[in-house]
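The values are calculated or read from the model by the stated rules, or taken from the named source; none is laboratory data. Bear in mind the structure is a predicted one, so any value in this text is a computation, not a measurement. Glycine gets a Cβ as well: all are built from the backbone with ideal geometry, and neighbour counts include every protein chain shown. In case anyone asks, the SASA skips ligands and DNA or RNA and just uses the protein heavy atoms, side chains included. Shrake-Rupley method; radii C 1.70, N 1.55, O 1.52, S 1.80 Å.
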Amino acid sequence: MSPKSIAEKSRRAGLDIVAVCDHNTAENTAAAIRAGTNTGIVVLPGMEICSKEEVHVLAIFDTCDRAMRMQAYVYAHLPGKNDPNLWGEQIVADENDAVIAENCHLLIGATTLSVYDIVQKTHDLGGLSIASHVDRPAFGIVSNLGFIPEDLRFDALEVSWRMSVDEAGASIPGVQAFTCITSSDAHYIEDVGKVWTGFMMAAPTFNEIRMGLANQSGRRTVHRQTLEKEGS
């Protein structure tokens, strides 16, 4: 799961735009963007942040500067240091996959930030806030809180590859009120592009995705199951 390999696998999978969202860090996003540029893939910088309730929330941005400002906020509320002997090395690489540093933060841990804190800070920085894998029995907002609070302003909910968006809408309370995406949540390179969300939009850009999630100006999401039913 190096920057170069992610970009190359995304191209082979036929993807146009991807978001790189490592756990509690954005250290590798700049290299992933450069690797994507070299390969013809648009890469958005992001993070998957673990709240104090142990709910995973995606924060996706249009620039590395904003992603790194979010990272600074997260690091200020992320206790502990990594022990490579226990949790493995946490590598920072360049766009050619050369190792340039090692991250010392305990990235596997939970922050001291609430879900509300994460959503608010993401929006303050102009980002998109998406609840991760709401269908999962662990680290999802429904499994951990029991419901989706009505005053949490998520831009979308993510459904994992294990369940279709239609199945999630029919079986998980509260999902129907949000736009849903489905993504590979890839932890291994072979899983990149395993599932995906299509967008009716003018170009593969952050702002077009924002409009697509909000169903603005003719932009919208189109899921693979819908395309397959329509024979596209």
Subject >> Whole-number accessible area per residue in Å² for the chain, which is evaluated in the context of all protein chains at 1.4 Å >> reply: 48 Å²
**OP:** Considering only Phe206, Phe178, Phe61, give the residue with the highest GNM mean-square fluctuation for the chain, with springs between Cα atoms whenever their separation is below 10 Å.
**Re:** Phe178
**OP:** Search the structure for amide H atoms under 5 Å from the amide H of Ala19, placed 1.01 Å from N in the peptide plane, and list their residues when 5 or more places away or on another chain.
**Re:** Leu44
**OP:** Using a cut-off of 11 Å between beta-carbons, work out the net charge of the residues near Leu106 (Lys and Arg +1, Asp and Glu -1, Leu106 not included).
**Re:** 0
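Taking the Cα centre of the chain as the origin, how large is its charge dipole in debye, to the nearest 20, when only Lys and Arg (+1) and Asp and Glu (-1) carry charge on their Cβ atoms?
So the magnitude is around 380 debye.
How would the range 114-223 be classified by its alpha-carbon gyration tensor: rounded, prolate or oblate, with rounded meaning a/c under 1.5 and the a/b versus b/c comparison settling the rest?
The shape class here is rounded.
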Original post:
Which entry is the computed Cα extents along the principal axes in Å for this structure: (1) 70, 38, 32; (2) 48, 40, 30; (3) 53, 39, 29?
Top reply: (2)
Original post:
Tell me, what % of the accessible area of the range 87-205 is carbon and sulfur with a 1.4 angstrom probe?
Top reply: 55 percent
Subject >> Which of Ala131, Asn82, Ile41, positive extreme of dipole for the chain (C-beta unit charges) >> reply: Ile41
Subject >> In order through the range 142-157: 3J(HN,Hα) via Karplus (6.51 cos²θ - 1.76 cosθ + 1.60), integer Hz, x for Gly, Pro >> reply: 6, 5, 8, 9, x, 6, 9, x, 5, 9, 8, 8, 5, 7, 6, 10
Original post:
How do Lys81, Lys194 stack up against each other in accessible area, from largest to smallest, with a 1.4 angstrom probe?
Top reply: Lys81, Lys194
Original post:
With θ set to phi - 60° and the Karplus curve 6.51 cos²θ - 1.76 cosθ + 1.60, what are the ³J(HN,Hα) couplings of the range 73-78 in order, to the nearest whole Hz, using x for Gly and Pro?
Top reply: 5, 5, 4, 5, 10, 10
Subject >> Relative contact order of the chain, pairs being alpha-carbon contacts under 8 Å that are 6 or more residues apart, as % >> reply: 17 percent
**OP:** May I ask for the distance between the Cα centers of the range 64-105 and the range 165-213, given as a whole number of Å?
**Re:** 26 Å
Subject >> Phi to ³J(HN,Hα) by Karplus 6.51 cos²θ - 1.76 cosθ + 1.60 over the range 35-41, Hz, x for Gly, Pro >> reply: 5, x, 4, 5, 9, x, 10
Subject >> Computed over the range 114-232: relative contact order in percent, which uses C-alpha pairs under 8 Å that are six or more apart >> reply: 17 percent
Original post:
Out of residues 5 or more away from Ser183 or on other chains, whose amide H comes under 5 Å of its own, with H placed 1.01 Å from N in the peptide plane?
Top reply: Val159, Trp161
**OP:** Can you send over the carbon and sulfur percentage of the accessible area for the range 6-76, probe radius 1.4 Å, protein chains only?
**Re:** 46 percent
Subject >> His105 long-range amide H proximity, modeled H, under 5 Å >> reply: Asn82
Original post:
Just for the range 1-144, what percent of DSSP beta bridges are antiparallel, to the closest 5?
Top reply: 65 percent
